[in-house]
1. About the Cα centre of the stretch 146-247, how large is the charge dipole given +1 on each Lys and Arg Cβ and -1 on each Asp and Glu Cβ? Please answer in debye to the nearest 20.
2. Given the peptides 316-325, 70-79, arrange them by the average over their residues of other C-beta atoms within 10 Å, most packed first.
3. Would you kindly state how much longer the chain becomes between K264 and A210 on full extension, computed as 0.36 nm times their sequence separation minus their alpha carbon distance, in nm to one decimal?
4. Quick one: if you stick a label point 7 Å off each Cα along the C-beta vector at D244 and N350, how many nm between them?
5. Using the Cα gyration tensor of the stretch 146-247, with a ≥ b ≥ c the square roots of its eigenvalues, what is the shape: rounded (a/c below 1.5), prolate (a/b larger than b/c) or oblate (neither)?
6. Sticking to Cα atoms, compute the Rg of the stretch 86-196 to one decimal and its Dmax as the biggest Cα-Cα distance, whole number, in Å.
7. With the Cα gyration tensor of the stretch 237-336 giving a ≥ b ≥ c as the square roots of its eigenvalues, does the rule (a/c under 1.5 for rounded; else a/b larger than b/c for prolate; else oblate) give rounded, prolate or oblate?
Amino acid sequence: MRNKLVFSSIAVVIVLSLLLAGCSSSGTTTTATTTAAATTTAAATTTAAATTTSTIVIPTRANANSIILGYYGSACESSTYAAIQNGFDSKYGINIELVKVDGTSSLNLIASGKIDATDGVLQAWLKPIQEGLDVRFTEGLQSGCISAIVLNTSTAKTWADLKGKTIGVSGTIGGGSMNYAFRDIAYEGLDPQNDYQWVAYSTTAALLIALEKGEVDAAVGGDVGNWSEVDKGTARFISYMATDAAYANEDCCLLAFNPDFAAKHPDLVKDLTLALYDGSQWVQNNKAAAVQYEVDNQYVAGTVADNLRVVDSYAFTPGAQIGKLSLTNSINQFVQSKIIDPVTASTLVNKLWLDVPGVGN
């Protein structure tokens, strides 16, 4: 029960910050403070957490066709990089202006209209949406992007084997990694709220160190970081969203827009959606070239080999149909795992989805 209270209270804090954030003109500097809440492994109560403050510079719009797009700097966003690499933005007459964000700041920035769009991980959006965040989705982009690992010395092969254990997640309590784990555990018919202890780490590095020290029994986070641990020969996967059968027909990341921007600029929404649709399709057939470009241009950290292995495991299958299916499945399983309150999936999908011609509606 305490886990549930911690999860809900932090979600409320996030939503309050969204609702209080005011709109501002472009060309401004935003200071984003991210607090990584944690729970103790024994009592599941909140503990002191690391807080990091970063400055995000919002560019001045170059022209009326500019779209300010938040990105995280991960291989999951290869569709975005490919759209720039191949001039798909120019093809549709738009100018993509990238702004580096993180999982928390992106929600604040899109809610306040400081960025126009972002290609966020679906698992991180639904709780804030139910608590008041308003966005419009137009397409899914690719599979991925979260996985779970255990040490090679562990006997655990499934979530059932980890019942009663401590699970570490990257980011925050209630963030995308934890939500994915909740969903995956509930899919196996287990109770993520009461059968496990949860601890959040503000960085992937801190999470993996905790795993190596035995402070957590499993680590849930981004694929690139988890692969680095597997490569060291110290860990192995027990869950991999991009390839596990439960998520075979889903996209992990969806293109999301600020609703006011979408209402005022439907042509720009259509053009960005089509540009990233083309980008995703191109990546599916040109993964090595795509990764080489994003590493060379420092969109992502790590080596070409590290990122290519991850991108190779993803299916870049963009479109509205797969996006709607991913959203519907996530809503239903989030309700099942008690991440969000009961809601009819079709009602929420109809509210959040904006149909764009040409992307398989």
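Every number in this text was worked out from the coordinates using simple rules, so none of it is lab data. Source: prediction; values computed, not measured. Counting neighbours? That spans all protein chains shown, and the Cβs are built from the backbone with ideal geometry, glycine included.
1. Values: 7 positive and 12 negative charges, 19 e Å.
Charge dipole, the stretch 146-247, about its Cα centre: 80 debye, nearest 20.
2. Ranked from most to least packed, the peptides come out as 70-79, 316-325.
3. Length gained, K264 through A210: 14.8 nm.
4. With each label placed 7 Å out from Cα toward Cβ, I get 3.1 nm.
5. Taking the square roots of the gyration eigenvalues as a ≥ b ≥ c, the stretch 146-247 is rounded.
6. Radius of gyration, then largest Cα-Cα span, for the stretch 86-196: 17.7, 55 Å.
7. Note, shape of the stretch 237-336 comes out oblate.
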